[in-house]
Structures are given as structure tokens and as C-alpha cells.
1. Provide the FRET efficiency to the nearest 0.05 for the residue B:109-residue B:30 pair, computing r from the beta carbons and using R0 = 51 Å.
2. At 0.36 nm per residue, minus the direct Cα-Cα distance, what do residue A:163 and residue A:39 gain on full extension? Give it in nm, one decimal, please.
3. Run through the DSSP bridge list for the protein assembly as shown and note the antiparallel percent, rounded to the nearest 5.
4. From the square roots a ≥ b ≥ c of the eigenvalues of the alpha-carbon gyration tensor of the protein assembly as shown, which class results: rounded (a/c under 1.5), prolate (a/b over b/c), or oblate?
5. Starting from the Cα gyration tensor of segment B:3-216, take the square roots of the eigenvalues, sort them a ≥ b ≥ c, and report rounded, prolate or oblate (rounded when a/c is under 1.5, otherwise prolate if a/b is larger than b/c, else oblate).
6. Would you calculate a helix-derived [θ] at 222 nm for the protein assembly as shown, using -39,500 (n - 2.57) for each DSSP H run of n ≥ 4 and dividing by the full residue count, to the nearest 500?
7. Could you work out how much longer the chain between residue A:89 and residue A:202 gets when fully extended? Use 0.36 nm per residue separation minus the Cα distance between them, nm to one decimal.
8. What residues from segment A:71-106 fall in the zone where the backbone N is under 20 Å from a label point 7 Å along the Cα-to-C-beta line of residue A:312?
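Taken together, the values in this text are just the output of simple stated rules run on the coordinates, not laboratory data. All of these numbers come straight from a predicted model, not from anything done at the bench. Quick reminder, even Gly has a Cβ in these numbers, built from the backbone with ideal geometry, and neighbours come from all protein chains shown.
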């Protein structure tokens with residue numbers, strides 16, 4: 001039996017109060033109107049006729065709408081459902097298509113060969129688990145920290161921090177594959193399920209105690225969308241915070257800079273991890289930390305989530321949210337705008353250039369900042 | 001308007017460090033992802049677009065081993081109605097001519113108005129199959145096609161020529177067109193769509209089914225002999241810029257400035 005959008009996404013609880021739209025960061029610069037999307041869904045307007053369909057690609061899946069909904073409706077999931085309809089028809093932006101095809105072929109959305117996944121780790125002595133070897137602590141690097149030349153700073157810094165703190169860990173080397181977090185949000189349910197099965201099989205072959213991820217996106221899907229997982233899943237900021245609290249990670253150096261912190265949606269809004277990154281920041285000697293006005297639950301999305309790393313917003317207008325974010329940090333007088341997500345790192349770095357703030361502020365990953373103080 | 005599209009599964013080599021296999025006549029394919037030959041993907045899309053506008057069915061045909069059924073399933077997920085795999089150990093080691101001979105034997109009995117191929121195979125780069133196929137089927141052809149307009153009993157095509165010129169040709173149907181990349185924007189085949197297509201039948205044709213004698217196909221039926229593969233010798237005069245991306249791009253900018261290019 002065909003299940004209606006209203007049933008599938010439990011839309012009938014919606015009271016059209018508009019809290020979703022009022023909190024939607026991309027409604028500032030695109031025509032995406034989440035309230036309308038839900039309204040259409042309630043009235044049984046299928047994806048074929050949904051006027052909102054092209055706009056669905058504007059969503060960054062930041063989850064503001066879902067967090068703010070007083071009735072527990074999940075508008076974000078409906079938007080992902082609309083994307084799924086487009087995916088099944090095969091008519092999607094070529095850049096999204098290429099990211100999906102690359103993930104199927106190479107296990108990463110960046111179009112890079114599997115054997116290049118560990119290039120960042122060459123000469124760093126990063127341990128790779130042998131087949132069947134138990135891994136008490138798995139460092140799941142993630143596609144972006146593994147392949148992107150800027151985001152590799154996250155992976156290399158973590159290796160240095162693990163070494164300094166005496167953390168025994170291992171990686172999966174070239175056997176590591178995409179977690180699927182953003183694949184699911186692009187609406188490719190079949191590919192997501194395939195990645196889940198493949199990754200669970202890979203993890204299952206190693207008896208893994210804890211998985212620590214280089215990206216909040218990977219942590220989110222492992223923790224919340226993989227069903228039963230035998231391992232504990234942590235974002236690296238959580239591990240670093242406990243290493244600091246246990247006195248295992250200490251800093252000999254100083255970073256005498258004024259810094260502010262950008263909460264990544266998949267760390268904060270999706271998973272409520274706000275304190276751990278701040279624990280790390282405050283432990284770094286010399287750091288003068290100041291919050292931006294929009295922080296924690298109110299943090300502004302950088303527009304890098306939900307597959308938006310691979311597609312521009314349609315009918316966009318006004319400045320990019322990442323530019324707004326950079327301007328806020330510059331206005332605060334920060335030397336560094338720190339984040340703990342590789343997508344935020346890249347979107348904010350771009351925004352420094354496009355907003356004409358080169359030389360005024362630097363975007364640095366939390367791990368890289370901590371490693372500067374070793 | 002029924003269309004046959006000939007497709008080939010090839011290893012993706014863009015990111016790979018290629019190794020020549022023992023025997024020296026091929027590359028080590030282990031570990032290389034397999035995919036549809038890129039120009040064939042555009043040929044398939046063009047066929048789907050034409051049949052969406054003018055009705056009719058698309059049949060995909062491949063010559064290849066078991067794994068090449070993935071390409072057929074993907075094609076069916078995108079909208080192809082039928083799929084045929086020409087498969088026989090006797091076809092191994094065939095060149096473009098031998099491949100065209102096997103495909104022609106499979107295509108000739110199908111109901112078609114148009115045959116599309118990619119303009120070139122990305123693995124051997126031979127660009128021979130489409131032309132030889134047309135010759136063997138006794139129908140006209142055009143290569144490097146970047147525009148197709150279907151008319152009554154004919155097609156008007158644009159062919160890409162040297163120097164960016166486009167040659168316009170009117171060709172009677174049926175004919176074979178070698179499709180160039182960039183002619184359209186290929187659609188995506190979802191994993192669920194491919195899974196559904198995997199339940200559909202793929203027609204298998206061995207040499208005997210096609211009335212072909214083992215001595216006239218594969219290596220024996222080839223007009224060329226492959227002596228061996230070797231890497232081109234490293235040349236001189238290239239400077240590899242090292243360092244991080246900002247460092248390397250800085251060095252590049254300096255060189256361009258120094259040579260007066262910017």
C-alpha cells in the first residue's frame with residue numbers, strides 16, 4: 001500500500017505555527033519555505049506536484065526546523081523525502097550525481113581513488129589495523145579530512161594530539177568508506193543503506209571498542225542512524241575534552257590569540273555537544289575565548305550540510321551564511337574563528353576570501369588549534 | 001523510434017596508478033572500480049531522451065564478462081527496456097573489428113531505427129567499434145556526434161570537427177551514431193532503481209546463438225595484433241611544483257608572471 005507523505009512523515013500534528021520557517025537559516029536567502037512544504041505534504045500534494053521540489057535542494061539539514069517544532073513534526077525529514085523522489089527519477093544536479101556515483105565507486109563523495117585515502121597519513125606513522133585485528137579505539141578519519149588538502153589539518157592534528165596524550169588507536173586505512181551521513185541527506189536511501197551494511201561489516205570484523213570521528217557528520221550517522229552499534233561513538237572534541245580532564249592531554253605551548261567558536265550543526269543542534277569543544281578551547285594556554293552572539297543552539301548554519309557541499313543553493317540571494325558568520329567573528333575582533341567540523345572549516349575559509357576578510361581572520365579547526373599548543 | 005545502444009564496461013583509471021599485467025598485454029584491473037564507458041553513458045542518455053520525445057524503446061547491448069551486467073542493470077534502471085549481453089570465452093582478446101562483428105550479429109536481428117555508441121572507449125581509445133559496426137550492418141554512420149535532431153526517416157546531426165567546427169549532416173535511418181561526451185547531462189541511476197532492475201532478465205547470446213564460428217571471433221577474428229603495452233618514457237622540461245596547495249599555486253603564479261602570461 002502506498003503511504004502518503006503525511007503518514008510517512010507524521011505531518012498531521014502540524015499546526016502551521018511557523019516556528020520552522022522563522023528559524024530556517026536558508027529562508028533568509030532562498031525561496032525554501034518549510035512551512036509550505038509541510039502544508040503541501042498535509043494536503044496530499046505528492047512530490048511530483050510539489051512546487052517546493054527545486055527549493056528542497058536549498059536545505060542544509062541543520063535541523064533548526066525540527067528542533068523548534070512544538071509538535072514534534074520533522075520537516076527536515078520531509079525535505080529529504082522530496083529529494084529522494086528526485087533521486088529516484090534520476091533528475092538531479094550533476095554535482096550531486098557525481099558525488100553519489102563517486103561514493104558508490106570509490107567509497108567517498110570527492111571523486112578520489114580509494115587507494116589515495118591514506119595519502120595524508122604517509123610518513124606520519126598512522127597505524128592501520130590488520131584484517132580481523134581488534135581495535136579498542138578506532139580513529140574513523142572521514143572522507144573530507146582524508147582527502148581535502150585543507151581539511152587534512154584535522155586528521156594530522158589529531159594524530160599529533162593522540163601521540164602527545166599517549167592514546168593507542170588504529171585506523172582502517174584504505175578500507176575505510178564513506179559514513180553516508182550526507183548521502184542520506186541528499187536523499188539516496190538505497191546508497192545509504194548499502195554504506196551502512198558495508199561499514200557495519202567492516203567494523204564487525206574488528207571488535208571495535210570506541211569509534212572517534214574526525215567529523216561530526218560521521219559521528220551523527222554512526223550514533224543515530226546505524227541502528228544497533230556495538231561500539232561507543234564519539235566526536236573527537238569529546239575525546240579531547242576527557243583526555244584534558246583526566247590530565248592525559250596537556251599543553252606546553254601557548255596560543256596567544258583571541259578566538260571565537262562556530263558550533264557545527266551536526267555537533268550542536270543534532271547532538272547537543274556544546275560544552276566539550278569549549279572545554280578544549282579553554283584548556284589551551286594563551287587563548288582568549290569569546291562567544292559570538294549567535295552561539296550554541298542559536299548558532300548560524302554555514303550551509304555546508306545536507307549535501308550542500310556539492311550543490312549551490314538555487315535562486316539564492318544575499319550573502320552566504322558563512323560570510324555572515326565570518327563578518328560576525330571579525331566584528332568581535334577574533335584572530336581565529338574555530339570550528340570542529342571539516343565542512344564548516346571549508347565553507348568558512350571560502351567565506352573569508354569572498355567577504356574580503358583575508359588577512360583579518362583565520363579559520364582553524366579545533367584539533368589544529370590544540371595541536372599548535374603542544 | 002526504437003534505439004539500440006552499445007555499451008561497454010571499463011575500469012575507471014583517472015585516479016589509479018596503473019600497472020601492466022604479466023604477459024604485458026593488459027593492465028592489472030584488480031582494485032579498479034568498473035563503470036560504464038563515459039561516452040556510452042551519454043549515448044544511453046541521448047537514446048532515452050529521444051525515445052521520451054518520439055516514443056519507442058531502448059535496448060542496451062554489451063559484449064563482456066559477468067561483471068558487465070552491472071552496466072546493463074544501471075541502463076535499465078535509467079529506462080532501457082531490454083538488455084542483451086553477448087558473452088562467450090571465444091570473444092576474448094578481440095579488437096575493435098572483432099567486437100563490432102559480434103555486436104553486429106547481435107544487433108542485426110533486433111528491431112531498431114537507430115544505433116548509438118559512445119564515440120570512443122576510454123580504456124583502449126580505439127574509436128573503431130561504431131564505424132565497423134555500421135559497415136557490417138550495411139548502414140551509414142557519423143562519429144563524434146554532438147547534436148541529434150530526429151526527423152521523418154532521417155536524423156540531422158552535428159559532428160565535432162577539428163578547430164571547434166561543427167559539420168551538419170542529414171542521414172537516413174537506420175544509421176549508427178558515435179556520441180560525444182557533453183551532448184547532454186546523463187541522469188542518475190539510484191541504487192534502489194538498480195536493485196529493481198536486477199530482477200529483470202538479461203538476454204545472453206553466445207557465439208553459437210549468433211551463428212558465429214569461434215575461429216572468426218575474438219583474437220582469431222581480429223585484424224590487429226597487440227604486441228604489448230609499455231609506459232611512455234619520462235620526458236624532459238616539465239617542472240613539478242610541490243608544497244601545499246597555497247604554496248604550489250603561489251609558485252605557479254610567480255612562473256606565469258615571470259614568463260609574461262599574466
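1. Efficiency at R0 = 51 Å is approximately 0.90.
2. Values: separation 124, 0.36 × 124 = 44.64 nm, distance 5.29 nm.
Result: 39.3 nm gained on full extension.
3. 25 percent
4. On the way: a/c = 1.97, a/b = 1.58, b/c = 1.25.
Because a/c hits 1.5 or more and a/b exceeds b/c, the protein assembly as shown counts as prolate.
5. rounded
6. Working: 22 runs with 219 residues, N = 636.
When only DSSP H runs of four or more count, the value is -10000 deg cm²/dmol.
7. Values: separation 113, 0.36 × 113 = 40.68 nm, distance 3.11 nm.
Stretched out fully, the residue A:89 to residue A:202 stretch lengthens by 37.6 nm.
8. Within reach of a label on residue A:312, which here means backbone N under 20 Å from a point 7 Å along Cα→Cβ, segment A:71-106 contributes A:92-100.
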